[in-house]
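Every read-out reported here was derived from the displayed coordinates using simple, explicitly stated rules and does not represent laboratory data. The model shown is predicted, which means the values in this text are computed figures rather than measured ones. Backbone-built Cβ (ideal geometry, glycine too); neighbour counts: all protein chains shown.
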Amino acid sequence: MSAILEVRELRKSFVGGDGGTIEVLRGVDLAVTTAEFVAVTGESGSGKSTLLHLVGGLDRPTSGWIGLDGASYDSLGADALATLRNRKIGFVFQFHHLLRDFTAEENVAMPLLIAGELPSRARERARTLLASVGLESRRTHLPAQLSGGEQQRAAVARALATAPALLLADEPSGNLDERNAEQLHALFAGLAREYRTAVVIVTHNRALASRADRVLHLAEGVLAPAVAYGQEALPL
């Protein structure tokens, strides 16, 4: 199966406080197919979130190439990249970032409304997605009326609203207790297959990474299979 996401020789450097150059990513290669669930592990500060931001079109690489669903990021201006990001990529972060004055249903419908979908269709899609993450009875609740686990599940539903080609998650269960984290892990495990989307998750959580189809480890700016680092257990 051909890759929906391709990353080639990706490099990213920053200017440090002393004026020197800090190279965080040093030639990352990655290919992810439709319906594949990939977990990326690595030590804190290894560049995992940087990689996710580049793949998500939130930042530009120093050099290298990224392609998603046939579109090369190099060929896209700021507006076109924003359009691709809004329509083709779903994001789930450690904090849910739900709009506090809107219900769960309204939060999930928001990306569709921004994309120009009819309100009735946006609401119908939101209800369907909330039901799929176990929140059908909570759709009229405000974020403050939801538990931490429910808030994150609503965030997952929102990320799926536009039927993205790629779902990116950065430590999605990092703020949850063990029970709620396990519920979220189980949800992610089925997302790729159920929604036919590629899923890439950055995580320190062994239980979540163990559910992935493939586990990659980022170290010294390079991404490789976890076993390439001589670790039988999942690396953190």
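Worth pointing out:
- Sum of side-chain charges, LEU112 neighbourhood, beta-carbon under 13 Å (Lys, Arg +1; Asp, Glu -1): +2
- Debye, to nearest 20: dipole size of region 122-217, +1 on Lys, Arg Cβ, -1 on Asp, Glu Cβ: 320 debye
- Leading residue at positive end of dipole, region 3-229 (Cβ point charges), from GLY67, VAL38, LEU187: LEU187
- Three-way shape call for region 73-128 based on the alpha-carbon gyration tensor, with the a/c threshold at 1.5: oblate
- Around SER49: net Lys/Arg minus Asp/Glu count, Cβ-Cβ under 13 Å: -2
- Which label in [x] 1, 7, 14, 18, 19, 16, 12, 8, 4, 1, 0; [y] 1, 7, 16, 21, 22, 18, 11, 4, 1, 0; [z] 1, 7, 13, 15, 14, 12, 10, 10, 8, 6, 3, 1, 0 gives the computed P(r) over Cα pairs in 5 Å bins from 0, in percent: [x]
- Approximating the spin labels as points 7 Å out from Cα along Cα→Cβ, the ALA80-to-LEU113 distance works out to 3.0 nm.
- Antiparallel DSSP beta bridges within region 3-229, as percent of all bridges there, nearest 5: 55 percent
- FRET efficiency, ARG196 to THR21 (Cβ-Cβ, R0 30 Å, nearest 0.05): 0.15
- Only Lys, Arg, Asp and Glu carry charge here, each on its Cβ (+1 for the first two, -1 for the last two); on that basis the chain has a dipole of about 560 debye about its Cα centre.
- Equivalent ellipsoid semi-axes, region 48-187, via Cα gyration tensor eigenvalues times 5, rooted, Å: 27, 19, 11
- Helix axis angle, 119-132 relative to the chain longest principal axis, alpha carbon, degrees: 70 degrees
- Where only DSSP H runs of four or more residues are counted, the chain gives -10000 deg cm²/dmol as its mean residue ellipticity at 222 nm, each run worth -39500 (n - 2.57).
- For GLU220 and ASP29, the FRET efficiency from 1/(1 + (r/R0)^6), where r spans their Cβ atoms and R0 equals 22 Å, is about 0.95.
- Among 66-78, 152-164, the peptide with the highest mean count of other Cβ atoms within 10 Å heads the list, and the full ranking is 152-164, 66-78.
- Under 14 Å, Cβ to Cβ, from VAL28 - net charge with Lys/Arg +1 and Asp/Glu -1: -1
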